[in-house]
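Novice: Pasting a structure here, questions to come.
The values are calculated or read from the model by the stated rules, or taken from the named source; none is laboratory data. On a predicted model such as this, the values are computed, not experimentally measured, just so you know. A quick note on method: Cβ atoms are made from the backbone with ideal geometry, for glycine too, and the neighbour counts reach across all protein chains shown. Calculation scope for accessible area: heavy atoms of the full protein, side chains included, ligands and nucleic acids excluded. Shrake-Rupley method; radii C 1.70, N 1.55, O 1.52, S 1.80 Å.
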Amino acid sequence: MQSLDAEGGTMVNKQDFRRINDYLWEIPTSFHPAMNVPVWVFADESLLEDALGDLSITQAVNVAQLPGLVGHVAIMPDVHQGYGMPIGGVMATRAPDGVISPGAVGYDINCGVRVLTSEIEYKAAQSYMNDLASVLYRNCPSGVGGKGSIPLPIEELDKVCRQGAGWALDQGYAFAEDLARTEEFGRLEGAQPENVSKRAKERGKGQLGTLGAGNHFLEVDVIDQVFDPEAAEIMGLQAGCLAVQIHCGSRGFGHQICTDYVHDFQWAVIHYGIHLPDRELVCAPLDSPEGQAYLGAMKAAANYAFANRQALAHHARQSFQEVLGPARGTSHLRQIYDIAHNMAKMEIHRIEGQAIAVCVHRKGATRAFGPGFEGLPPEYRPLGQPVLVPGSMGTESWILLGTEANEELTFGSTCHGAGRVMSRRRAKREVRGDRLRHELEKEGISVRAGSMRGLAEEAPRAYKDVNRVVETVSHAGIAHKVARLKPVAVVKG
Amino acid sequence: MTAFSNSPASGFQEIDHTADWAYQVWGKSLAELFTHAAQGLYALVGVELATEPRVVRTIHLTGVDSESLLVAWLNELIHLHESENLGFDQIEILRLDGAALQAEVRGAPTQQWLKDIKAATYHNLVIHSTEKGFEATLVLDV
C-alpha cells in the first residue's frame, strides 16, 4: 500500500523502481492501481535521487493514470517538479479517442530554443562583448511590465497565428533558410485563431518580439568543444566561434490560451466522466469538440512562438551588425535550428511493433527524431534532428542530434535543459543577484538583467549539472553529442 | 503609491516549490481567503501602484466549484495587469458561491511589477475548512 504525501499524491521511493540498466528505471503499473502504463525514468543513480527530492516522480505517476495512454510515460534526466505533469515528461495518447491535456503541454506553449552560429572568432570579438550585451538587452526587451518590440493589430495577430515564422519572413525578419531549419518549418498546420479568446489576443498583441522573464534568456556563447566533427561541419559549428541562443515561448498569448482551456476543461472532465489525480491534468478526448478546439488554439500559440523567436533572432542579428559589423564586416548569424520543448503533436510511432497515430505531449522535453526524418532540411537528413540543450546561467550548453533508438524509448524525445533542484524561494534567500552578476563577470561573462531578484532565482546552483544530464541522454541512446557551448554574454528579462 | 506587504500576518506565506512559486493562503471566510490570495499575488510580484488615476472594475466569473473560482480570480488579476497594466489595492467580494464570483476592485496603473506570472494553476489545489476558517496552497507558473 502506498502512502500519501502532504499534497495528496502517492509518494515514490527508490525501492519502488525496477532498474532496467544504468540509465533507465521503471515504476511498473503494479505500483498504483490507477496507473494505465508504466513510468520510465532516464537517469543515472544520482539524477534519480535528485528527482526523488521533490514531487517530480509523484507527478509522473499521476500522469500515468490518464485515459488512452500508450507505451509508457517517459521522464527525462532533467526532470523537476512542475504542476500537473512534471517538467521533463513525455506521454503519448492514442488517436482518436485518447485525450489531449492543456496542462500537460504547459502554459508556455512552444517554449523553445533557437541557436544561431557565426564565423566570428571569440578571441577577435572579446573586447566587444560588454557592448554587445548592452545592445542585445536594448533590442531584445523582456516585455515584463511593458510592451513588445512589434505591436500588432488583432487582424495581424491572426496572421501570425496562421503563418508562424512565415509571417516573420514576409515582414523581413527572416531568411528562407531560417524556416527550413526550424521544427515544423516554423508553422504548425491547422492553427485556429478563431478558437483563441479575445482575452488571449489582448494579452499577446503587444508582446511579440519579447523574451519574457523566469528562465528565459538570450545568450552569446563560444563553441567550446566539438564531439562530432563531421556533423559539426555540416551544421556550420566551428570551435572558437560565437553562437547565439534564444530561449523563450509564446508569452502572455500562450499563457492565456492554456489558462482558458484548463478552466473550460474543468467542465469537460465532468462531461466525459474522466477521473483525475490532479485537476491541473484536465483533458478531453482528442476527437471531442473541446479537444479539437484546444488543439487549434494551441497551434496558434505555437506559431506565435515561432514568430517570436524569429523576431528576436532578427533583433540579435541587428545587434551583432551594430556592434561587430564595422569591425568585422561579416557578422551574419546563421540559424542552426529552432526546437519546441512544450508542445502536443500528432505523430505516428511504433508501439509494440505496430505503427499507430498518437498525440505526443512533451512538457520540458524536446522532439529528437533520428536520421532519415523527412521533416528536416536535406543537409540534416543524414544526421538526425538537431537538439538544443541550454544549461543553467553561466554554465555550458549543448548541441545534440536525435537518434533512431529513441523512437522506442521516448517517442522520439530527449532532455531540454539542466533542470532545477533548488526552489526559487531558497535561491532568493541564499543568493544575492548583484553578487552573482559580479561573480559571472569575473568569469568573463557579461550579464544584463531586468531584475537582480530574478537573476538570483536563476543562479547556476539552483540547477542540476547539465553535463551530467547530457552524459545520461548520450549513454541512454536518446541523443548524440555534437558540440558544447560556453557563455560569454547573458541577457535576462 | 501603494506597495503590498509580504509578512505572514497578511494572510499568506510563500512556501518552497522547485521550479515555480507556491504560497499558502488563509482567511476567516472564503471571501477573505480570496482577498488574501490576491494580496499574496501582488506581494510576490512586488507590485507598486501609481497614486492615480484610480480605476474601478467589476469582475464576474463562473466556475465548477470554489477552487475553480479561486484560480479564475487570480488569473483575471494577472490578465488585467498584462492587458491594461492595472493592479488593485481595494477588493470587495460582492458574491461568492460554488459557481460564481462577483467582485468590485479599485486600484491604479502599476508602477512596478517585477515578475512575469504565466498563470495560477490548479495543481493539487483544495480549499480546506479549518478551525479558523479556510486555507489553500496555490502554485503559480513563473
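Novice: Over the stretch B:2-141, calculate the relative contact order: mean separation of alpha carbon pairs under 8 Å at least 6 apart, over the residue count, as a percent.
Specialist: 30 percent
Novice: Take the Cα atoms of the stretch A:1-101, find their three principal axes, and give me the spread along each one in whole Å, biggest first.
Specialist: 39, 29, 24
Novice: Still on this structure, I have one more. To test your reading of the geometry: what angle, between 0 and 90 degrees and rounded to tens, separates the Cα axis of helix A:433-442 from the longest principal axis of chain A?
Specialist: 60 degrees
Novice: A:GLN225's amide H: which non-local residues (gap 5+, or another chain) put their own amide H closer than 5 Å, with H modeled 1.01 Å from N in plane and none for Pro or chain starts?
Specialist: A:ARG484
Novice: Using R₀ = 30 Å, calculate the FRET efficiency as 1/(1 + (r/R₀)^6) where r is the Cβ-Cβ separation of B:THR51 and B:ILE15; round to 0.05.
Specialist: Rounded to the nearest 0.05, the efficiency is 0.35.
Novice: Note down the Stokes-Einstein diffusion coefficient of the stretch B:2-141 in µm²/s, whole number, using a Kirkwood radius over alpha carbon pairs, 10 °C, and 1.306 mPa s.
Specialist: Estimated diffusion coefficient is 106 µm²/s.
Novice: Counting Lys and Arg as +1 and Asp and Glu as -1, what is the net charge of the other residues whose Cβ lies under 14 Å from the Cβ of A:SER451? Walk me through the intermediate numbers first.
Specialist: Numbers: positive: A:ARG424, A:LYS428, A:ARG432, A:ARG437, A:ARG448, A:ARG453, A:LYS492, B:LYS115; negative: A:ASP434, A:GLU457, A:GLU458, B:GLU48, B:ASP116.
In short, +3.
Novice: Per residue in the stretch B:114-141, which ones lose no less than 50 Å² of accessible surface when going from chain alone to all protein chains (1.4 Å probe)?
Specialist: B:LEU114, B:LYS115, B:ASP116, B:LYS118, B:TYR122, B:HIS123, B:ASN124
Novice: Which value, in Å², gives the accessible area per residue of chain A when a 1.4 Å probe is used on the protein heavy atoms?
Specialist: For chain A, the per-residue accessible area is 34 Å².
Novice: Testing the spin-label approximation: label points 7 Å from Cα along Cα→Cβ at B:LEU94 and A:ALA239. State their distance in nm.
Specialist: Here the answer is 7.0 nm between the modelled labels.
Novice: Right, here's the next one. Nearest 0.05, what FRET efficiency do A:GLU177 and A:GLU408 give at R0 = 30 Å with Cβ-Cβ as r? Can you show the working numbers first?
Specialist: On the way: r = 32 Å, r/R0 = 1.08.
That gives a FRET efficiency of 0.40.
Novice: Oh, and also: Report, as an integer, the average count of C-beta atoms from other chains found within 10 Å of each Cβ along B:76-82. It would help to have the intermediate numbers written out before the result.
Specialist: Numbers: counts 2, 0, 5, 10, 1, 3, 14.
The per-residue average across the peptide is 5.
Novice: What percent of all Cα-Cα pairs in the stretch A:387-493 falls into each 10 Å bin, going from 0 up to the bin containing the maximum distance?
Specialist: Going from the shortest bin to the longest, the percentages are 15, 40, 28, 15, 2.
Novice: Let me ask something else about it. Tally up the carbon and sulfur contribution to the accessible surface of the protein assembly as shown as a whole percent, 1.4 Å probe, everything protein left in place.
Specialist: Within the protein assembly as shown, the accessible surface is 48 percent carbon and sulfur.
Novice: My understanding is that a pair violates if its Cα-Cα distance is over 27 Å; which of A:LYS159/A:LYS345; A:LYS345/A:LYS486; A:LYS363/A:LYS481 do that in this structure?
Specialist: Long pairs (Cα-Cα over 27 Å): A:LYS345/A:LYS486.
Novice: Right, here's the next one. Between helix A:129-139 and chain A, what is the angle of the helix's C-alpha long axis to the longest principal axis, kept within 0 to 90° and rounded to the nearest 10?
Specialist: 60 degrees
Novice: Another question, if that's okay. Based on the Cβ-Cβ distance of A:LYS123 and B:GLN112, what FRET efficiency does E = 1/(1 + (r/R0)^6) give at R0 = 45 Å, to the nearest 0.05? It would help to have the intermediate numbers written out before the result.
Specialist: Values: r = 41 Å, r/R0 = 0.92.
With a Förster radius of 45 Å, E is 0.65.
Novice: Report the accessible area of A:SER392, computed with a 1.4 Å probe over the heavy atoms of all protein chains in place, in Å² rounded to the nearest 10.
Specialist: My reading of the accessible area for A:SER392 is about 10 Å².
Novice: Note down the accessible area of A:ILE339, probe 1.4 Å, to the nearest 10 Å².
Specialist: Its heavy atoms expose roughly 0 Å² to the probe.
Novice: Let me ask something else about it. Which distance in Å, rounded to a whole number, links the C-alpha centroids of the stretch A:404-428 and the stretch B:72-122?
Specialist: After rounding, the separation between the Cα centres reads 33 Å.
Novice: Set Lys and Arg Cβ to +1 and Asp and Glu Cβ to -1, take the dipole of the stretch B:2-141 about its Cα centre, and tell me which of B:LEU86, B:ILE127, B:TRP26 lies farthest positive.
Specialist: B:LEU86
Novice: Per 20 Å bin, what percent of the C-alpha pairs of the protein assembly as shown does each bin hold, from zero upward?
Specialist: 21, 58, 21, 1
Novice: Another question, then. With a 1.4 Å probe on protein heavy atoms only, work out how much accessible surface A and B bury together, total over both chains, in Å² to the nearest 100.
Specialist: On the way: alone 18490 and 7150 Å², together 21980 Å².
For chain A against chain B, roughly 3700 Å² becomes buried.
Novice: While we're here: In what order, largest first, do A:LYS205, B:LYS132, A:LYS481, A:LYS464 sit by accessible area if the probe radius is 1.4 Å?
Specialist: Details: A:LYS205 85, B:LYS132 175, A:LYS481 40, A:LYS464 10 Å².
Output order, biggest surface exposure first: B:LYS132, A:LYS205, A:LYS481, A:LYS464.
Novice: Testing the spin-label approximation: label points 7 Å from Cα along Cα→Cβ at A:HIS275 and A:ARG432. State their distance in nm.
Specialist: Result for the modelled spin labels: 5.4 nm.
Novice: How big is the antiparallel share of DSSP beta bridges in the protein assembly as shown, given as a percent to the nearest 5?
Specialist: 95 percent
Novice: In degrees from 0 to 90, rounded to the nearest 10, what is the angle of the helix A:289-328 Cα long axis to the longest principal axis of chain A?
Specialist: 20 degrees
Novice: Mean separation of Cα pairs under 8 Å and 6+ residues apart, divided by the residue count of chain A: what relative contact order is that in percent? Walk me through the intermediate numbers first.
Specialist: Values: 1221 pairs, mean separation 105.1, N = 493.
With pairs under 8 Å counted, the relative contact order is 21 percent.
Novice: OK, next. Taking the Cα centre of chain A as origin, sum charge times position over the Cβ atoms of Lys and Arg (+1) and Asp and Glu (-1), and report the length of that vector in debye to the nearest 20.
Specialist: Roughly 1440 debye for chain A.
Novice: Further question on the same structure: Please go through the residue pairs A:LYS299/A:LYS464; A:LYS299/B:LYS118; B:LYS28/B:LYS115 and name each one whose alpha carbons sit more than 22 Å apart in this structure.
Specialist: From A:LYS299/A:LYS464; A:LYS299/B:LYS118; B:LYS28/B:LYS115, over 22 Å: A:LYS299/A:LYS464; B:LYS28/B:LYS115.
Novice: A further question on this structure: I'd like the accessible area for B:THR130, computed on protein heavy atoms only with a 1.4 Å probe and all protein chains in place. Round to 10 Å², please.
Specialist: 60 Å²
Novice: Students sometimes get this wrong: rank A:TYR23, A:TYR294 by accessible area, probe 1.4 Å, all chains present, largest first.
Specialist: The ranking, largest first, comes out as A:TYR23, A:TYR294.
Novice: In addition: If you count only protein heavy atoms with a 1.4 Å probe, what accessible area per residue comes out for the stretch B:2-141, rounded to a whole Å²?
Specialist: Dividing the accessible area of the stretch B:2-141 by its residue count gives 37 Å².
Novice: Using a 10 Å cut-off around each Cβ of peptide B:63-71, what is the average number of partner chain Cβ atoms that fall inside?
Specialist: Per residue, the average neighbour count from other chains is 3.
Novice: Between the stretch A:258-319 and the stretch A:456-493, what is the separation of their alpha carbon centroids in Å?
Specialist: Here the answer is 27 Å between Cα centres.
Novice: Quick one: 3J(HN,Hα) in Hz for the stretch A:17-32, Karplus 6.51/-1.76/1.60 with θ = phi - 60°, rounded, Gly and Pro as x.
Specialist: Working through the residues one at a time gives 8, 9, 7, 8, 7, 4, 10, 9, 10, 10, 9, x, 5, 5, 5, 9 Hz.
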